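Asker: First, the structure itself, so that you have it in front of you.
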Amino acid sequence: SESEMVKSDYIKIGIVLLCILILSVIWAFWLGSYFEVLIDAGKEVGGGSGGTRYSLIHSILMVAGTFLIASTIIAAVSISRKARQKKTAHKEVLEQLNLFSHVFENALEGIVVTDSDANIQSVNPAFSDITGYSAEEAIGANPRILRSDRHTLPFYKSMWKSLLTEGHWHGEIW
């Protein structure tokens, strides 16, 4: 499942961070010993002291800096992965919308989509074929343009009740 994948990703990231921390410590001590040689050389030339304290602080800073850089790289990789996942999800949504668009355009039944104020927002080609109203004529109009004298008032009341309570209506209008 997705939560197990996320947990697995966190475990992998934790292992990578631990390895990076260990490598950072090794690297810092190697660099620390290098800097210690330089500091000792400086003490011999200048006769100063405090090289060990400087070397320890420098080593700690090296470990922290390396760890921070590695953590930033891992975070960037994780963000990149999430962005790819979002892009994939976005592509799937677009494919679904494309499919629904084809179904809408090729349905043999007339389909009318209205907004919450009952203004026609879209009609499919079958609607135009059946009613004789072009999409340009229908869009923006109220579905009352389809009203004929062949239906009774209770028919229209029932249709509007269904539209208002269920959000859709299906049937035939003469």
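Asker: Residue 12: which lysines have alpha carbons under 16 Å from its alpha carbon, excluding same-chain residues fewer than 8 sequence positions away?
Answerer: Residue 12 reaches 82.
Asker: Determine the sum of side-chain charges near residue 98: Lys and Arg each +1, Asp and Glu each -1, restricted to other residues whose C-beta is under 13 angstrom from that of residue 98.
Answerer: Local charge sum for residue 98: -2.
Asker: Further question on the same structure: Taking 41 Å as R0, compute the FRET efficiency from the Cβ-Cβ separation of residue 116 and residue 91 and round it to 0.05.
Answerer: After rounding to 0.05, the efficiency reads 0.85.
Asker: In square angstrom, what is the accessible area per residue of region 92-174 with a 1.4 angstrom probe?
Answerer: Value for region 92-174: 76 Å² per residue.
Asker: Given a 1.4 Å probe and every protein chain left where it sits, what share in percent of the accessible area of region 84-174 is carbon and sulfur?
Answerer: On region 84-174, the fraction of accessible area on carbon and sulfur atoms equals 56 percent.
Asker: Under the rule a/c < 1.5 gives rounded, and otherwise a/b versus b/c splits prolate from oblate, where does region 111-174 land using the Cα gyration tensor?
Answerer: Oblate is the answer for region 111-174, as a/c is 1.5 or above yet b/c matches or exceeds a/b.
The values are calculated or read from the model by the stated rules, or taken from the named source; none is laboratory data. Keep in mind it's a predicted model, so treat the numbers as computed, not measured. Neighbour counts are summed over all protein chains in view; Cβ atoms, including those assigned to glycine, are modelled from backbone coordinates with ideal geometry. With ligands, DNA and RNA removed, areas are computed over all heavy atoms of the protein, side chains included. Shrake-Rupley method; radii C 1.70, N 1.55, O 1.52, S 1.80 Å.
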